[in-house]
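Structure first, commentary second.
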Amino acid sequence: MANEQFFFTSESVTEGHPDKVADAISDSILDAIMEQDKKCRVACETLVTTGLAFIAGEITTDCYVDMPQVVRDTIREIGYHSSKMGFDWQTCSVVTSIDHQSVDIAQGVNTGEGLFKEQGAGDQGLMFGFASDETPELMPMPIMFAHKLCNRLSVVRKNGALDFLRPDGKSQVTIEYENGTPKRVDAVIIAAQHKPDVTYEELKEAIIEEVIKKVIPQEMIDGDTRYFINATGKFVIGGPMGDCGLTGRKIIVDTYGGQGSHGGGCFSGKDPSKVDRSASYMGRHIAKNVVAAGLAKKCELQIAYAIGVPEPVSVMVDLMGTGAVPKSRVKEIIKEVFDLRPAAIIEYLDLLRPIYRKTSAYGHFGRNEPEFTWEKTNKADEMREKAGL
(Lines give C-alpha, C1' and ligand atoms only; values in the text may rest on other atoms or scores of the structure.)
Protein backbone atom coordinates (compact mmCIF):
# COMPACT_ATOMS: atom_id res chain seq x y z
CA MET A 1 0.00 0.00 0.00
CA ALA A 2 3.04 2.28 0.05
CA ASN A 3 2.39 3.82 -3.39
CA GLU A 4 -1.34 4.28 -3.36
CA GLN A 5 -4.16 6.13 -1.67
CA PHE A 6 -5.99 4.21 1.02
CA PHE A 7 -7.95 4.70 4.23
CA PHE A 8 -7.07 3.05 7.53
CA THR A 9 -9.21 3.03 10.68
CA SER A 10 -8.36 2.31 14.31
CA GLU A 11 -10.44 2.45 17.47
CA SER A 12 -9.89 2.96 21.18
CA VAL A 13 -12.07 2.77 24.28
CA THR A 14 -12.13 4.66 27.58
CA GLU A 15 -11.15 3.25 30.95
CA GLY A 16 -14.88 2.95 31.74
CA HIS A 17 -15.57 0.57 28.85
CA PRO A 18 -16.52 -2.77 30.44
CA ASP A 19 -13.60 -4.66 28.87
CA LYS A 20 -11.22 -2.01 30.14
CA VAL A 21 -12.77 -2.11 33.61
CA ALA A 22 -11.92 -5.83 33.58
CA ASP A 23 -8.36 -5.13 32.39
CA ALA A 24 -7.89 -2.47 35.09
CA ILE A 25 -9.07 -4.81 37.83
CA SER A 26 -6.76 -7.61 36.66
CA ASP A 27 -3.77 -5.28 36.49
CA SER A 28 -4.60 -3.65 39.84
CA ILE A 29 -4.57 -7.06 41.50
CA LEU A 30 -1.23 -7.81 39.81
CA ASP A 31 0.20 -4.51 41.09
CA ALA A 32 -1.07 -5.09 44.63
CA ILE A 33 0.62 -8.49 44.75
CA MET A 34 3.83 -7.42 42.99
CA GLU A 35 4.23 -4.51 45.39
CA GLN A 36 4.83 -7.10 48.13
CA ASP A 37 6.13 -10.11 46.18
CA LYS A 38 8.29 -9.63 43.09
CA LYS A 39 8.53 -13.40 42.61
CA CYS A 40 4.77 -13.80 42.30
CA ARG A 41 3.10 -15.69 39.51
CA VAL A 42 -0.14 -13.98 38.49
CA ALA A 43 -2.65 -14.80 35.78
CA CYS A 44 -5.78 -12.92 36.81
CA GLU A 45 -8.92 -12.82 34.70
CA THR A 46 -11.92 -10.57 35.38
CA LEU A 47 -15.54 -10.54 34.26
CA VAL A 48 -17.80 -7.59 34.99
CA THR A 49 -21.52 -7.28 34.36
CA THR A 50 -24.51 -5.62 36.01
CA GLY A 51 -23.82 -5.53 39.75
CA LEU A 52 -21.04 -8.13 39.61
CA ALA A 53 -17.25 -8.38 39.36
CA PHE A 54 -15.90 -11.94 39.11
CA ILE A 55 -12.16 -12.56 39.33
CA ALA A 56 -10.55 -15.92 38.61
CA GLY A 57 -7.19 -17.33 37.66
CA GLU A 58 -3.96 -18.81 38.92
CA ILE A 59 -1.94 -16.88 41.48
CA THR A 60 1.07 -18.09 43.44
CA THR A 61 2.36 -15.70 46.13
CA ASP A 62 3.46 -15.58 49.75
CA CYS A 63 1.71 -12.27 50.46
CA TYR A 64 -1.86 -11.39 51.40
CA VAL A 65 -3.92 -8.97 49.31
CA ASP A 66 -7.50 -7.96 50.03
CA MET A 67 -8.66 -8.66 46.50
CA PRO A 68 -12.30 -7.55 46.91
CA GLN A 69 -11.08 -4.18 48.21
CA VAL A 70 -8.66 -3.82 45.30
CA VAL A 71 -11.57 -4.51 42.94
CA ARG A 72 -13.79 -1.90 44.62
CA ASP A 73 -11.03 0.73 44.74
CA THR A 74 -10.35 0.26 41.03
CA ILE A 75 -14.03 0.61 40.10
CA ARG A 76 -14.26 3.77 42.22
CA GLU A 77 -11.17 5.32 40.60
CA ILE A 78 -12.62 4.70 37.14
CA GLY A 79 -15.77 6.60 38.11
CA TYR A 80 -18.53 4.08 38.73
CA HIS A 81 -19.71 5.58 42.01
CA SER A 82 -23.49 5.62 41.64
CA SER A 83 -26.06 2.86 41.51
CA LYS A 84 -27.85 4.93 38.84
CA MET A 85 -25.22 3.61 36.41
CA GLY A 86 -26.19 0.00 37.18
CA PHE A 87 -22.70 -0.69 38.49
CA ASP A 88 -20.91 0.98 41.36
CA TRP A 89 -17.97 0.24 43.60
CA GLN A 90 -19.88 0.13 46.89
CA THR A 91 -22.78 -2.18 46.04
CA CYS A 92 -21.50 -4.53 43.33
CA SER A 93 -20.88 -8.14 44.32
CA VAL A 94 -17.26 -9.32 44.17
CA VAL A 95 -16.69 -13.04 43.65
CA THR A 96 -13.26 -14.69 43.59
CA SER A 97 -12.10 -18.08 42.35
CA ILE A 98 -8.31 -18.24 42.59
CA ASP A 99 -5.99 -21.25 42.41
CA HIS A 100 -2.21 -21.72 42.31
CA GLN A 101 -0.16 -21.81 39.13
CA SER A 102 0.26 -25.36 37.85
CA VAL A 103 3.45 -26.94 39.24
CA ASP A 104 4.10 -28.39 35.78
CA ILE A 105 4.22 -24.88 34.32
CA ALA A 106 6.10 -23.44 37.29
CA GLN A 107 9.02 -25.85 36.95
CA GLY A 108 9.63 -24.57 33.42
CA VAL A 109 9.64 -20.95 34.59
CA ASN A 110 11.45 -21.14 37.91
CA THR A 111 15.23 -20.88 37.78
CA GLY A 112 16.95 -24.19 38.54
CA GLU A 113 13.94 -26.38 37.78
CA GLY A 114 12.68 -28.16 34.67
CA LEU A 115 14.70 -29.33 31.68
CA PHE A 116 16.45 -25.95 31.35
CA LYS A 117 18.04 -24.59 34.53
CA GLU A 118 17.62 -20.90 33.73
CA GLN A 119 14.22 -19.20 33.60
CA GLY A 120 12.21 -20.31 30.60
CA ALA A 121 9.22 -18.80 28.83
CA GLY A 122 5.96 -19.12 30.77
CA ASP A 123 4.21 -20.52 27.72
CA GLN A 124 4.68 -21.14 24.04
CA GLY A 125 3.56 -18.33 21.79
CA LEU A 126 4.34 -15.64 19.26
CA MET A 127 4.69 -11.97 20.07
CA PHE A 128 4.99 -8.92 17.83
CA GLY A 129 6.54 -5.49 18.11
CA PHE A 130 5.87 -2.65 15.69
CA ALA A 131 6.93 0.94 15.09
CA SER A 132 6.26 3.55 12.39
CA ASP A 133 7.74 7.00 11.86
CA GLU A 134 4.39 8.66 11.06
CA THR A 135 3.95 10.15 14.55
CA PRO A 136 6.39 11.52 17.16
CA GLU A 137 5.57 8.49 19.32
CA LEU A 138 6.65 6.23 16.43
CA MET A 139 3.17 4.74 16.37
CA PRO A 140 0.51 4.55 13.64
CA MET A 141 -1.48 7.78 13.51
CA PRO A 142 -5.01 6.29 13.63
CA ILE A 143 -4.51 4.52 16.96
CA MET A 144 -2.66 7.47 18.52
CA PHE A 145 -5.50 9.87 17.69
CA ALA A 146 -8.08 7.33 18.88
CA HIS A 147 -6.27 6.89 22.23
CA LYS A 148 -5.94 10.64 22.73
CA LEU A 149 -9.64 11.18 22.05
CA CYS A 150 -10.62 8.58 24.64
CA ASN A 151 -8.17 9.95 27.15
CA ARG A 152 -9.59 13.43 26.56
CA LEU A 153 -13.11 12.12 27.24
CA SER A 154 -11.86 10.90 30.60
CA VAL A 155 -10.08 14.17 31.40
CA VAL A 156 -13.07 16.43 30.71
CA ARG A 157 -15.35 14.06 32.63
CA LYS A 158 -13.14 14.02 35.71
CA ASN A 159 -12.27 17.73 35.76
CA GLY A 160 -15.93 18.71 35.36
CA ALA A 161 -15.56 20.49 32.03
CA LEU A 162 -18.18 18.11 30.58
CA ASP A 163 -19.90 17.01 33.76
CA PHE A 164 -22.67 15.21 31.91
CA LEU A 165 -20.31 12.46 30.76
CA ARG A 166 -20.17 9.00 32.33
CA PRO A 167 -17.21 6.60 32.25
CA ASP A 168 -17.98 4.42 29.21
CA GLY A 169 -16.93 5.59 25.77
CA LYS A 170 -15.31 4.73 22.46
CA SER A 171 -13.53 6.50 19.63
CA GLN A 172 -12.64 5.62 16.06
CA VAL A 173 -10.46 7.49 13.59
CA THR A 174 -10.10 7.01 9.84
CA ILE A 175 -6.96 8.43 8.23
CA GLU A 176 -6.49 8.92 4.50
CA TYR A 177 -3.00 7.89 3.39
CA GLU A 178 -1.25 8.92 0.20
CA ASN A 179 1.97 7.18 -0.82
CA GLY A 180 2.18 5.65 2.63
CA THR A 181 1.96 8.99 4.45
CA PRO A 182 -1.01 10.26 6.51
CA LYS A 183 -2.70 13.01 4.53
CA ARG A 184 -5.90 13.93 6.41
CA VAL A 185 -8.49 12.76 8.90
CA ASP A 186 -11.46 11.44 6.97
CA ALA A 187 -13.79 10.45 9.83
CA VAL A 188 -13.99 10.69 13.61
CA ILE A 189 -16.44 8.60 15.61
CA ILE A 190 -17.17 9.23 19.29
CA ALA A 191 -19.58 7.26 21.47
CA ALA A 192 -19.73 8.87 24.92
CA GLN A 193 -21.90 7.65 27.77
CA HIS A 194 -23.85 10.51 29.33
CA LYS A 195 -26.39 11.48 31.95
CA PRO A 196 -30.03 11.34 30.79
CA ASP A 197 -30.71 15.07 31.15
CA VAL A 198 -28.28 16.39 28.49
CA THR A 199 -29.65 17.14 25.01
CA TYR A 200 -28.13 15.57 21.96
CA GLU A 201 -27.31 18.97 20.43
CA GLU A 202 -25.53 20.09 23.60
CA LEU A 203 -23.55 16.86 23.81
CA LYS A 204 -22.54 16.87 20.13
CA GLU A 205 -21.33 20.47 20.17
CA ALA A 206 -19.40 19.93 23.41
CA ILE A 207 -17.69 16.75 22.14
CA ILE A 208 -16.60 18.43 18.91
CA GLU A 209 -15.29 21.57 20.66
CA GLU A 210 -13.83 20.14 23.87
CA VAL A 211 -12.66 16.73 22.71
CA ILE A 212 -12.13 16.42 18.96
CA LYS A 213 -10.76 19.89 18.28
CA LYS A 214 -8.49 19.65 21.33
CA VAL A 215 -6.92 16.44 20.01
CA ILE A 216 -6.93 16.38 16.19
CA PRO A 217 -4.52 18.95 14.67
CA GLN A 218 -6.33 21.57 12.62
CA GLU A 219 -4.15 20.89 9.59
CA MET A 220 -5.43 17.29 9.49
CA ILE A 221 -9.08 18.40 9.30
CA ASP A 222 -10.76 19.75 6.17
CA GLY A 223 -14.24 20.45 4.88
CA ASP A 224 -14.78 16.79 4.02
CA THR A 225 -13.92 15.43 7.47
CA ARG A 226 -16.94 13.64 8.88
CA TYR A 227 -18.01 13.50 12.54
CA PHE A 228 -20.26 10.80 14.01
CA ILE A 229 -21.13 11.62 17.61
CA ASN A 230 -23.32 9.13 19.54
CA ALA A 231 -24.78 7.98 16.26
CA THR A 232 -27.70 6.11 17.86
CA GLY A 233 -28.83 9.41 19.40
CA LYS A 234 -28.56 8.22 23.01
CA PHE A 235 -25.97 6.48 25.22
CA VAL A 236 -27.20 6.51 28.82
CA ILE A 237 -26.98 2.78 29.58
CA GLY A 238 -23.33 1.78 29.42
CA GLY A 239 -20.44 0.21 31.28
CA PRO A 240 -20.92 -3.27 32.74
CA MET A 241 -24.68 -2.69 32.84
CA GLY A 242 -24.78 -2.26 29.08
CA ASP A 243 -22.30 -4.96 28.13
CA CYS A 244 -20.38 -7.75 29.83
CA GLY A 245 -16.67 -6.97 30.14
CA LEU A 246 -13.79 -9.46 30.02
CA THR A 247 -10.04 -9.19 30.51
CA GLY A 248 -8.06 -9.28 27.28
CA ARG A 249 -10.85 -8.58 24.82
CA LYS A 250 -9.32 -5.35 23.46
CA ILE A 251 -5.92 -6.61 22.30
CA ILE A 252 -5.88 -4.55 19.08
CA VAL A 253 -6.74 -1.42 21.07
CA ASP A 254 -3.88 -2.35 23.41
CA THR A 255 -1.30 -2.59 20.61
CA TYR A 256 -1.26 -0.92 17.19
CA GLY A 257 -4.87 -0.51 16.16
CA GLY A 258 -4.64 -3.13 13.44
CA GLN A 259 -1.45 -1.89 11.84
CA GLY A 260 1.21 -4.39 12.69
CA SER A 261 0.36 -7.88 13.86
CA HIS A 262 -0.73 -9.28 17.22
CA GLY A 263 0.19 -12.59 18.80
CA GLY A 264 -2.12 -15.00 20.52
CA GLY A 265 -2.29 -13.53 24.01
CA CYS A 266 -3.43 -10.45 25.87
CA PHE A 267 -1.36 -8.51 28.40
CA SER A 268 -3.47 -7.49 31.39
CA GLY A 269 -3.45 -9.53 34.59
CA LYS A 270 -0.20 -11.33 33.70
CA ASP A 271 3.10 -11.01 35.54
CA PRO A 272 6.17 -10.54 33.27
CA SER A 273 7.21 -14.20 33.40
CA LYS A 274 4.43 -14.53 30.83
CA VAL A 275 6.10 -13.72 27.51
CA ASP A 276 2.72 -12.68 26.11
CA ARG A 277 3.39 -9.50 28.03
CA SER A 278 7.15 -9.12 28.52
CA ALA A 279 8.24 -10.23 25.04
CA SER A 280 5.58 -8.05 23.40
CA TYR A 281 6.97 -5.08 25.34
CA MET A 282 10.49 -6.03 24.25
CA GLY A 283 9.35 -6.41 20.64
CA ARG A 284 7.93 -2.88 20.72
CA HIS A 285 11.16 -1.58 22.30
CA ILE A 286 13.31 -3.15 19.60
CA ALA A 287 11.09 -2.06 16.71
CA LYS A 288 10.96 1.50 18.08
CA ASN A 289 14.75 1.63 18.36
CA VAL A 290 15.12 0.34 14.79
CA VAL A 291 12.95 3.21 13.52
CA ALA A 292 14.47 5.79 15.87
CA ALA A 293 17.92 4.79 14.62
CA GLY A 294 16.86 5.44 11.03
CA LEU A 295 17.36 1.83 9.98
CA ALA A 296 13.81 1.83 8.58
CA LYS A 297 10.64 3.92 8.51
CA LYS A 298 8.59 0.95 9.68
CA CYS A 299 9.57 -2.20 11.50
CA GLU A 300 7.71 -5.29 12.61
CA LEU A 301 9.38 -7.88 14.78
CA GLN A 302 8.09 -11.36 15.64
CA ILE A 303 9.53 -13.38 18.52
CA ALA A 304 8.39 -16.95 19.24
CA TYR A 305 8.98 -19.11 22.32
CA ALA A 306 8.54 -22.67 23.58
CA ILE A 307 7.32 -23.19 27.14
CA GLY A 308 10.17 -23.67 29.60
CA VAL A 309 12.85 -22.76 27.03
CA PRO A 310 14.89 -19.58 27.60
CA GLU A 311 15.98 -18.72 24.05
CA PRO A 312 13.33 -17.83 21.46
CA VAL A 313 12.74 -20.46 18.81
CA SER A 314 12.53 -17.83 16.07
CA VAL A 315 13.01 -14.13 15.40
CA MET A 316 11.59 -12.44 12.30
CA VAL A 317 12.20 -8.87 11.11
CA ASP A 318 10.08 -7.12 8.47
CA LEU A 319 10.99 -3.58 7.40
CA MET A 320 8.01 -3.39 5.04
CA GLY A 321 10.08 -2.10 2.14
CA THR A 322 11.30 0.94 4.10
CA GLY A 323 14.76 -0.25 5.19
CA ALA A 324 17.83 1.97 4.91
CA VAL A 325 20.02 -1.12 5.37
CA PRO A 326 19.41 -4.75 4.39
CA LYS A 327 16.89 -6.61 6.53
CA SER A 328 19.40 -9.38 7.22
CA ARG A 329 21.84 -6.85 8.71
CA VAL A 330 19.11 -5.34 10.91
CA LYS A 331 18.36 -8.81 12.29
CA GLU A 332 22.05 -9.32 13.04
CA ILE A 333 22.21 -5.97 14.85
CA ILE A 334 19.16 -6.85 16.94
CA LYS A 335 20.78 -10.10 18.03
CA GLU A 336 24.01 -8.27 18.89
CA VAL A 337 22.30 -5.58 20.96
CA PHE A 338 19.34 -7.30 22.68
CA ASP A 339 19.03 -10.39 24.88
CA LEU A 340 15.65 -12.03 24.29
CA ARG A 341 15.67 -14.56 27.12
CA PRO A 342 12.74 -13.92 29.50
CA ALA A 343 14.87 -13.25 32.59
CA ALA A 344 17.05 -10.83 30.63
CA ILE A 345 14.00 -8.98 29.27
CA ILE A 346 12.52 -8.65 32.76
CA GLU A 347 15.76 -7.24 34.14
CA TYR A 348 16.50 -4.95 31.19
CA LEU A 349 13.01 -3.39 31.12
CA ASP A 350 12.74 -3.40 34.94
CA LEU A 351 9.41 -5.20 34.85
CA LEU A 352 9.22 -6.44 38.45
CA ARG A 353 7.45 -3.28 39.59
CA PRO A 354 3.77 -2.47 40.28
CA ILE A 355 3.39 -0.44 37.07
CA TYR A 356 0.67 -2.33 35.26
CA ARG A 357 -2.57 -0.60 36.27
CA LYS A 358 -1.51 2.41 34.20
CA THR A 359 -1.08 0.25 31.09
CA SER A 360 -4.65 -1.07 31.20
CA ALA A 361 -6.22 1.87 29.31
CA TYR A 362 -5.19 4.12 26.40
CA GLY A 363 -2.64 1.69 24.99
CA HIS A 364 0.43 -0.14 26.18
CA PHE A 365 2.55 1.60 23.55
CA GLY A 366 3.23 5.17 22.44
CA ARG A 367 3.33 6.46 26.03
CA ASN A 368 5.94 8.80 27.55
CA GLU A 369 5.42 8.04 31.24
CA PRO A 370 8.58 6.84 33.07
CA GLU A 371 7.00 3.48 33.92
CA PHE A 372 6.90 2.59 30.21
CA THR A 373 10.57 1.61 29.91
CA TRP A 374 9.94 -0.25 26.66
CA GLU A 375 9.27 3.10 24.98
CA LYS A 376 12.84 4.30 25.47
CA THR A 377 15.04 4.73 22.41
CA ASN A 378 18.27 4.33 24.37
CA LYS A 379 19.77 1.83 21.90
CA ALA A 380 19.17 3.89 18.74
CA ASP A 381 22.64 5.44 18.62
CA GLU A 382 24.36 2.08 19.10
CA MET A 383 22.24 0.47 16.39
CA ARG A 384 22.85 3.35 14.00
CA GLU A 385 26.61 3.07 14.55
CA LYS A 386 26.58 -0.68 13.94
CA ALA A 387 24.63 -0.10 10.71
CA GLY A 388 27.17 2.45 9.53
CA LEU A 389 24.63 5.24 9.13
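The values are calculated or read from the model by the stated rules, or taken from the named source; none is laboratory data. Keep in mind it's a predicted model, so treat the numbers as computed, not measured. Because the Cβ atoms are built from the backbone with ideal geometry, glycine has one as well, and the counts that use them run over all protein chains shown. Side chains included, ligands, DNA and RNA excluded: accessible areas come from the protein's heavy atoms. Shrake-Rupley method; radii C 1.70, N 1.55, O 1.52, S 1.80 Å.
When ligands, DNA and RNA are left out and all protein chains stay put, how many square angstrom of accessible area per residue does the chain have with a 1.4 Å probe? The partial results should precede the final answer.
Values: 16280 Å² over 389 residues.
With the other protein chains kept in place, the chain gives 42 Å² per residue.
Classify the chain: rounded, prolate or oblate, from the alpha-carbon gyration tensor (a ≥ b ≥ c, eigenvalue square roots; a/c under 1.5 rounded; otherwise prolate if a/b is larger than b/c)? Walk me through the intermediate numbers first.
Working: a/c = 2.46, a/b = 1.12, b/c = 2.20.
It is oblate, given that a/c is not under 1.5 and a/b is not larger than b/c.
Cβ neighbours within 10 Å, averaged per peptide: list 377-383, 142-148 in order, most packed at the top.
Details: 377-383: 16.1, 142-148: 26.4.
In decreasing order of mean packing, 377-383, 142-148 become 142-148, 377-383.
Quick one: check the C-alpha center-to-center distance for region 321-386 versus region 158-181, whole angstrom.
A separation of 28 Å, based on Cα centres.
Where does the charge balance sit around LEU47 when Lys and Arg score +1, Asp and Glu -1, over other residues with C-beta under 12 Å from its C-beta?
Around LEU47, the surrounding residues sum to -3.
Apply the Karplus parameterisation 6.51 cos²θ - 1.76 cosθ + 1.60, with θ equal to phi minus 60°, to every residue of region 137-150 and state each ³J(HN,Hα) to the nearest whole Hz, in sequence, with x for glycine and proline.
Calculated HN-Hα couplings, in order: 7, 6, 10, x, 5, x, 6, 5, 5, 4, 4, 5, 5, 5 Hz.
Using modelled backbone amide H atoms (1.01 Å from N, in-plane), which distant-in-sequence or interchain residues come within less than 5 Å of GLY269's amide H?
ASP27
By how many nm would the segment from LYS204 to ASN159 grow when fully extended, if each residue of separation counts as 0.36 nm and the alpha-carbon distance is taken off?
On the way: separation 45, 0.36 × 45 = 16.20 nm, distance 1.87 nm.
Difference between extended and current length: 14.3 nm.
Suppose only helical runs count, i.e. DSSP H with n ≥ 4. What mean residue ellipticity at 222 nm does that imply for the chain under -39500 (n - 2.57) per run, divided by all residues and rounded to the nearest 500 deg cm²/dmol? Spell out each step's value before the answer.
On the way: 11 runs with 114 residues, N = 389.
Counting only the DSSP helices, I get -8500 deg cm²/dmol.
Tally Lys/Arg at +1 and Asp/Glu at -1 over every other residue whose Cβ is under 11 Å from the Cβ of ALA161; what's the total?
Charge balance near ALA161 sits at +1.
Of the peptides 313-320, 89-96, how do they stack up when ordered by the mean number of other Cβ atoms within 10 Å, highest first? Don't jump to the answer; show the numbers that get you there.
Details: 313-320: 16.6, 89-96: 14.2.
Descending mean neighbour count gives 313-320, 89-96.
Could you pull out every residue, at least 5 positions away or on a different chain, whose amide H is within less than 5 Å of the one on ASP186? Hs are placed 1.01 Å off N in the peptide plane, and Pro or chain starts have none.
Amide H neighbours of ASP186: THR174, ILE175, GLU176.
Show me, for region 253-258, the HN-Hα J-couplings you get by feeding each phi into the Karplus relation (A = 6.51, B = -1.76, C = 1.60, θ = phi - 60°), rounded to Hz, glycine and proline as x.
4, 5, 10, 10, x, x
May I ask you to order 225-231, 208-214 by the average number of other C-beta atoms within 10 Å around their residues, highest value first? List each step's numbers first, then the result.
Numbers: 225-231: 14.4, 208-214: 16.7.
In descending order of packing, they fall as 208-214, 225-231.
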